[in-house]
Amino acid sequence: MVENYNVIEVADSIFWIGANDRETDKFEGLLDLPMGVAYNSYLMRGEKNVLIDTVKSSFMDDFLHRLTGLLDSKPLDYVIVNHMEPDHSGSVDVIKRLYPDVKFVGNAKTVEMMKNFYGLEGCTIAVKEGETLDIGDRKLVFAFAPMVHWPESMVSYEPNLKILFSNDIFGGFGALEGGIFDDEVNFDWTVYETMRYYVNIVGRYAKPATKALEKVRKLDISMICPSHGPVWRSDIDKIIGLYEKWSRQETDEGVVVVYGSMYGNTKLASDAIARSLSMSGINPVQIYDVSRSNISFITTDIWRYSGLILSCCTYNMELYPPMAGLLRLLANKNMTGRHIGLCGTYSWAGAALREMSEFVEKSNGGWTLVGPTIEIKSRPTSADIEQCRMLGKNMAEIVKNKHSK
Ligand code: FEO
């Protein structure tokens, strides 16, 4: 047995040897990581030694130390490459140099990507949907999960112990803080970070995710080992049910107000709308300054709640750039079934309201507009503030009605 820290046996001869990254500020260069992120890798020791996914290359040293220690001069026979994004495949080329006879198991798309990313050829095995890999005293069955998160994504199932290695699916942000199982961590915070991962990484592919979940539902599962976040073992149904809810785009009662303001005038209008929402019985009202809050938190709450108010100024005869960026991301995520209210401001040439209205029109009914639609010149007048109160009241009524059924 290796003398090491952080070798954790999650099940009989299955070891977590992943990495906790508390150094990267933004995942994919875009999404804030206030509490880091874990790259989970699992070693199955037995007649054949099998590694399930690897870690990001910058965290390889400690990972390889544990891998080689656990194998103790025995060969590594297979590496299962469930997903090629480099946070999971980043160490495969070094593993190939350490274990020249190892075979990398993926699908036809994985094989192509292994060549494109790492120049690895002739050492890959392409499995088909439902195919079984015999690994001596165990076996692994593979199911494809295209677009959750990339086209080659797949999951691996160990039927003897009923363990699903789900890669990005059921994964969440946050480095592991001592606890590795869901019953050892702050569950509510973990669910939030799992939803933030879902919305920002998988959300665009809600339909493929639903199909993948239909496959998962057919399996008898005692443990889910994802590639980020904790291992799920205490309430498998709960996490699968939450994932199904997010994939169906089911929302909770609540309204998000996102504003972009340079000198505080648009903020004034936004605060008036938020106050009206609250006085009309909406709780929570989540308010974000689009220039200051990381987009990953804003999109997560927009995904979660039924109502959205966008309130924004005009900038150089266009929509204020941070709001334009948010709208572009929201359009990319194909969100449906939510209500939206708009308030645009300008001083001499209005563009904010026009561009936000175009966003709603282009959603093809994904977003349902709630009035009044407001356009304010320079600083809100008493009449403008009254319109803001009306918008808040109308939105509150619609959202509350939706959730009272
Ligand atoms: Fe965790 Fe799509 O990589």
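Here are the numbers for this structure:
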read-out	value
Equivalent ellipsoid semi-axes - Cα gyration tensor, the chain, angstrom	46, 20, 18
Largest-first principal axis extents, alpha carbons of region 6-152, Å	42, 33, 27
Cβ-based net charge around Ala11, under 13 Å, with every Lys or Arg adding one and every Asp or Glu removing one	+1
R0 of 22 Å, Cβ-Cβ distance Asp220-Ala126: FRET efficiency to nearest 0.05	0.25
FRET E, pair Glu358, Ser404, Förster distance 25 Å, beta-carbon r, rounded to 0.05	0.20
Region 252-403, relative contact order in percent, only Cα pairs under 8 angstrom and at least six apart counted	30 percent
Probe 1.4 Å, protein heavy atoms only - accessible area per residue of the chain in square angstrom	42 Å²
Net charge of Cβ neighbours under 9 Å - reference Cys388; Lys, Arg +1; Asp, Glu -1	-1
Sparse-neighbourhood loop sites, chymotrypsin sites (Phe, Trp or Tyr not before Pro) in region 307-405 - DSSP loop, at most 15 other Cβ within 10 angstrom	Trp348
Percent breakdown of C-alpha pair distances by 5 Å bin, ordered from the shortest bin, for region 252-403	2, 11, 22, 25, 23, 13, 4, 1, 0
Residue pairs, from the table Lys103/Lys238; Lys245/Lys362; Lys56/Lys139; Lys362/Lys405; Lys207/Lys402; Lys56/Lys128, whose Cα atoms sit over 31 Å apart	Lys103/Lys238
Within the accessible area of the chain (1.4 Å probe), percent carbon and sulfur	48 percent
Cut-off 13 Å between beta-carbons: net charge of the residues surrounding Ala352, Lys and Arg +1, Asp and Glu -1	-2
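The values are calculated or read from the model by the stated rules, or taken from the named source; none is laboratory data. Being a predicted model, the structure only gives us computed values, none of them experimental. Glycine also receives a Cβ, built like all others from the backbone with ideal geometry; neighbour counts cover every protein chain displayed. Note: accessible area is taken over every heavy atom of the protein model, side chains too, but ligands, DNA and RNA are not part of it. Shrake-Rupley method; radii C 1.70, N 1.55, O 1.52, S 1.80 Å.
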